[in-house]
């Protein structure tokens, strides 16, 4: 269980890091999603991984997982959802207006105003 | 009494929502609301400074949930000081923006208020995850404000800014997760208490979390090597937005000071003063790169952006020493550099407009319509920001140099600050020469571009704060010193948050 979660997070971060270095809008959006997802999984696993228990509280004396990371992750997911929507719109506008989806595209020759 | 703590966050958030509803009304309604709100924030910040200056740390427990479980807002001298600065910069930027920039895109006013709410929240919160949330609030607002006014260059710079900050947010979340996993709490005071009692394995993980936090705050503060987004971003942003953003780098500096004293400060056992060995070299490098950049800048906006980076370097050199005199000097310098760079960002536009096609580019051009007025304003701002006597930049730098005397790193700090001071002086002189003196041809008749009192008022008021800071240096340094004492010894902070329990939420 631990190995599985840990390697999932590791793979997500690795893939995210690779994609973000490609510096193209589409890849970067994917990368940000993967990185945020890895962060969420990471926070969730920090409450301790418990197998086969009730999600919140049982009637008997069950072992239950720490609720705080779940609350944190819920907040983080909501924030991430909004931000991702914003980035997608921004990327589309940038691609249309700049004519390239390279984030680090060639600088305007005239220099900054 | 403690209920007042929520107002700097709630008021702008509420006003922003109201302004959004009034979007179809004439812009005047939004402007009046915004200005009234900013003035109210300034009044509240002044009141909070007076409250904090009694030396008692006020705690407001949101929803009356006691400290380690619920989220608390904490007001100490440092928070109050930062709130006052944010209110001043906000008022100055908004007073400039209502002269036309707010209509260059949609929803300027609600976003501006949301930004202020996020900044104030970051200064007040006593909870690490809540800090993450306020960071997101101020980031989302800043993303939109950065793009305000549109245009290709802004879009390009804005995209880079957005992507970098989102990566920063992901790292922040991972750091928060690590610290929660190790300590089982996210309340700053409670974390501070837990850090001293960690086993070696936990301490190792906490160290990773701490360094990740340093990276995130460093990104926000534009600490080298995380500064690359700033010159283009701030150089391209609309002037009132760039001026407001002058306080944003200080949010990063504030978080470094707060987290690395309360959590990883004197009480953290083997993690004590964790940031110090990383922060000082990075701050020195920031100062060098900032001033070299100022020397090489090709436009006025870029020049001020690099001066802002240099000021962050100077500031963090002081904070990195984590001693009472150094933090005193750093806090004084922080107020000075924030206000003056914000003023300079605002001053650039009246100058650029009188140069026609050339705009802010640093090249010989036509003479300005009002060379004396604008020239002297720029001169005073440059004197203040570079740190030549008699203005506050000089006082701040002198105090930082004094506080470094006798330390092992004193040689590095002295050499860096004095040599980069020279670089900054040359950079500003070069810019002033090119813009005001090396002019060719006739002054073109541009009556529309003449800077009016309304356009020059906010920048001059902000730069004028430097004179005020110099004249009132005594009381301000006294306050900063009391602040530094409170910051360096976090036991009072921790006790105020944790030991009062549920009673802390009610007014005392």
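The values are calculated or read from the model by the stated rules, or taken from the named source; none is laboratory data. These numbers come from a predicted model, not from an experiment. With ideal geometry, Cβ positions are generated from the backbone for all residues, glycine too; neighbour counts draw on all protein chains shown.
Side notes on the structure shown:
- Residue count for segment B:195-224 under the criterion of being surrounded by fewer than 23 Cβ atoms within 10 Å (Cβ to Cβ), outside any helix (DSSP H, G or I) and either in contact with a strand residue (DSSP E or B) (Cβ under 6 Å, 6 or more places away or on another chain) or touching a residue at least 12 places away in the same chain (Cβ under 8 Å) (or both): the result is 4.
- Residues (out of contact with any helix residue (DSSP H, G or I) (no Cβ under 9 Å at 6 or more places or on another chain) and in a helix (DSSP H, G or I)) located in segment B:22-48: B:24, B:28, B:32
- Checking residue B:163 against (1) touching a residue at least 40 places away in the same chain (Cβ under 8 Å); (2) in a helix (DSSP H, G or I); (3) under 29 Å from residue B:245 (Cβ atoms), the condition it does not meet: (1)
- Residue in segment B:353-374 that is outside any loop (DSSP other than H, G, I, E, B) and under 19 Å from the mean Cα position of the chain (by Cα) present: no
- Residue B:20 modelled with pLDDT of 95 or more, surrounded by 14 or more Cβ atoms within 10 Å (Cβ to Cβ) and within 18 Å of residue B:118 (Cα to Cα): no
- Selected residue [more than 13 Å from the chain's Cα centre (by Cα), surrounded by 12 or more Cβ atoms within 10 Å (Cβ to Cβ) and either modelled with pLDDT under 75 or within 26 Å of residue B:134 (Cβ to Cβ) (or both)] from A:112, A:106: A:112
- Flag for residue B:229 being away from chain A (no Cβ under 12 Å) and either crowded, with 23+ Cβ neighbours inside 10 Å or out of contact with any strand residue (DSSP E or B) (no Cβ under 9 Å at 6 or more places or on another chain) (or both): no
- Selection count where residues are part of a helix (DSSP H, G or I), away from every other protein chain (no Cβ under 11 Å) and touching a residue at least 24 places away in the same chain (Cβ under 8 Å), scope segment A:11-60: 1
- So residue B:306, is it within 14 Å of chain A (Cβ to nearest Cβ), in contact with a helix residue (DSSP H, G or I) (Cβ under 7 Å, 6 or more places away or on another chain), surrounded by 23 or more Cβ atoms within 10 Å (Cβ to Cβ) and in a helix (DSSP H, G or I): yes
- Subset tally (residues that are surrounded by fewer than 22 Cβ atoms within 10 Å (Cβ to Cβ) and part of a helix (DSSP H, G or I)) for segment B:418-438: 14
- Count - residues of segment A:79-94 that are within 10 Å of another protein chain (Cβ to nearest Cβ) and either modelled with pLDDT under 85 or out of contact with any helix residue (DSSP H, G or I) (no Cβ under 8 Å at 6 or more places or on another chain) (or both): 0
Matching residues to (1) within 30 Å of the chain's Cα centre (by Cα); (2) modelled with pLDDT of 90 or more; (3) buried (at least 19 other Cβ atoms within 10 Å of the Cβ):
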{"position": "B:445", "(1), (2), (3)": "no, no, no"}
{"position": "B:452", "(1), (2), (3)": "yes, no, no"}
{"position": "B:458", "(1), (2), (3)": "yes, yes, yes"}
{"position": "B:463", "(1), (2), (3)": "yes, yes, yes"}
{"position": "B:471", "(1), (2), (3)": "yes, yes, no"}
{"position": "B:480", "(1), (2), (3)": "yes, yes, yes"}
{"position": "B:485", "(1), (2), (3)": "yes, yes, no"}
{"position": "B:500", "(1), (2), (3)": "no, no, no"}
{"position": "B:507", "(1), (2), (3)": "no, no, no"}
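- Positions within segment B:68-97 being touching a strand residue (DSSP E or B) at 6+ places or on another chain (Cβ under 6 Å) and buried (at least 17 other Cβ atoms within 10 Å of the Cβ), in sequence order: B:68, B:71, B:72, B:73, B:74, B:75
- Checked against the criterion of being buried (at least 16 other Cβ atoms within 10 Å of the Cβ), in contact (Cβ under 8 Å) with a residue 24 or more places away in the chain, in contact with a strand residue (DSSP E or B) (Cβ under 7 Å, 6 or more places away or on another chain) and within 16 Å of residue B:116 (Cβ to Cβ), the candidates B:11, B:5 yield just one match: B:5.
- The residues on offer are B:359, B:343, and the sole one that is surrounded by 22 or more Cβ atoms within 10 Å (Cβ to Cβ) and either without any contact (Cβ under 8 Å) to a residue 40 or more places away in the chain or under 28 Å from residue B:90 (Cβ atoms) (or both) is B:343.
- Of the residues B:177, B:192, B:158, B:181, the single one that is facing another protein chain (nearest Cβ under 7 Å) and crowded, with 24+ Cβ neighbours inside 10 Å is B:177.
- Unique match (being more than 9 Å from chain A (Cβ to nearest Cβ), surrounded by fewer than 24 Cβ atoms within 10 Å (Cβ to Cβ) and at pLDDT below 95) among B:126, B:168: B:168
- Selection within segment A:1-32 - over 18 Å from residue A:84 (Cα atoms) and buried (at least 16 other Cβ atoms within 10 Å of the Cβ): A:9
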